[in-house]
Amino acid sequence: MSRSFLYYFKDFFKSSDTFTPKQSAYILGCTIVGHAAYALGTKTEKEITIIKKYTFTKNGYTDFMVIDSYGNHYNVNNSFWYWKWDSIEDWSSIEANKNLNMKYYGWRVPILGFFPNIVSCKNKKIDDNIVNDMSLIQDLSDGKFS
């Protein structure tokens, strides 16, 4: 979870010394199970066109963001549930005005500062071999190799 979400509950967590160990374990367990259900249950795959990518800092953390052609914002970050730890490399390979096949989880919840989180992405490119094969076919049909 992002720090901004937990920031709203800082007073609740500071008062955690009033909880018994059993109550604390129950709260922690429910939080972990709830986040796992959210991350794994909202997984979606789609193709988007990237319009812009940017970074912004909130509460001392830098978020790596992209905007698609519909104005939707996505966060590119690491995910424990998808065992993904190389999000900075994904974000640096994303290019504006390019199509992107991506898998993401989550919803946009403005009041809580939630964004969908990209966990896998690939720039959609035409394979060079296909381009070379197409030019060879064109040359053959033009009679250049007769």
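The values are calculated or read from the model by the stated rules, or taken from the named source; none is laboratory data. Keep in mind that this is a model prediction, so the values were computed, not measured. When we count neighbours, we look across all protein chains shown, and the Cβ atoms used for this are built from the backbone with ideal geometry, even at glycine.
Values as computed for the structure displayed
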| quantity | calculated |
| --- | --- |
| Members of the stretch 84-97 found to be among the acidic types (Asp, Glu), touching a residue at least 24 places away in the same chain (Cβ under 8 Å) and in a loop (DSSP other than H, G, I, E, B), listed by number | Glu95 |
| Residues of the stretch 78-106 that turn out to be closer than 18 Å to Ile32 by Cα and either under 11 Å from the mean Cα position of the chain (by Cα) or surrounded by 13 or more Cβ atoms within 10 Å (Cβ to Cβ) (or both), as a count | 7 |
| Yes/no for Trp81 being assigned to a loop (DSSP other than H, G, I, E, B), modelled with pLDDT under 90 and not polar (S, T, N, Q) | yes |
| Pair list, Cβ < 6 Å and 6+ apart or interchain, from the stretch 98-115 residues that are at positive phi to residues that are assigned to a loop (DSSP other than H, G, I, E, B) and surrounded by 16 or more Cβ atoms within 10 Å (Cβ to Cβ) | Gly106/Pro116 |
